[in-house]
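We did not get these values from a lab; they are worked out from the coordinates using the rules stated. Predicted, not measured: the structure shown is a model, and the values here were computed from it. Counting neighbours? That spans all protein chains shown, and the Cβs are built from the backbone with ideal geometry, glycine included.
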Amino acid sequence: MTVLENADRASSAPAPDAGGAVPAGGPYAADPVLVVMGVSGSGKSTVAALLAERLGWDSYEGDDLHPDENVEKMAAGTPLDDDDRAPWLDTVSSWIVEHALAGVPGVITCSALKRKYRDVLREHNVVFVYLRGSRDLLGDRMAAREGHFMPTALLDSQVATLEPPEADERHVVVDAGRSPEDEADDVIRALGLTPVA
């Protein structure tokens, strides 16, 4: 299930029907940047890669922008605090701003767990794609991952930190746990985007 929730929705885009589905009709802006967000294990990297491939857009893995000290801290099982996240969010924001100024659409991953984190990333062209999953699903996915610095032990701290997007934030909610292809398709359909692949 995908639900589009927004504020400042483009006037050319149709309103949701009574069941919450949003028919195709155009994205928020001509040059949107999709911030694929959610708790670790929700499938951000996979869905973002599929979206970028299908849309032919620039993309970036937000985790790769973490300072080394953040990666070391998480790998040791220590949750990041707001001070740790601040320089990382600034770097992610810079990527978004560069694309906004150039009029180039893109897709970037970022957990963006708190509203105040999303406030750092919010630009006129940003739509948050929130991948929502149960604690059990996320735990199973994290346990099955190989080679990622985020240990399963930090999942509970991420779940506790999460503040889902609110009604006045431009966002799409996608229920994780289905095939990544279906989830990407839902985002494209909800925002009225045109695939190239």
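Worth a mention:
- Overall shape: prolate for the range 67-134, with the ratio a/c of the largest to smallest alpha carbon gyration tensor axis at 1.5 or above and a/b above b/c.
- Total formal charge among the other residues, if their Cβ is under 14 angstrom from that of GLY103, Lys/Arg +1 and Asp/Glu -1: -4
- Here the gap between THR194 and ARG178, fully extended at 0.36 nm per residue and compared with their Cα-Cα distance, gives a gain of 3.6 nm.
- Modelled this way, with points 7 Å down the Cα-to-C-beta line, the labels at GLU53 and LYS116 are 3.8 nm from one another.
- Contour minus Cα-Cα distance for HIS124 and ASP64 (0.36 nm per residue): 19.2 nm
- Calculated FRET value between SER134 and VAL104, using beta carbons and R₀ = 35 Å, to 0.05: 0.50
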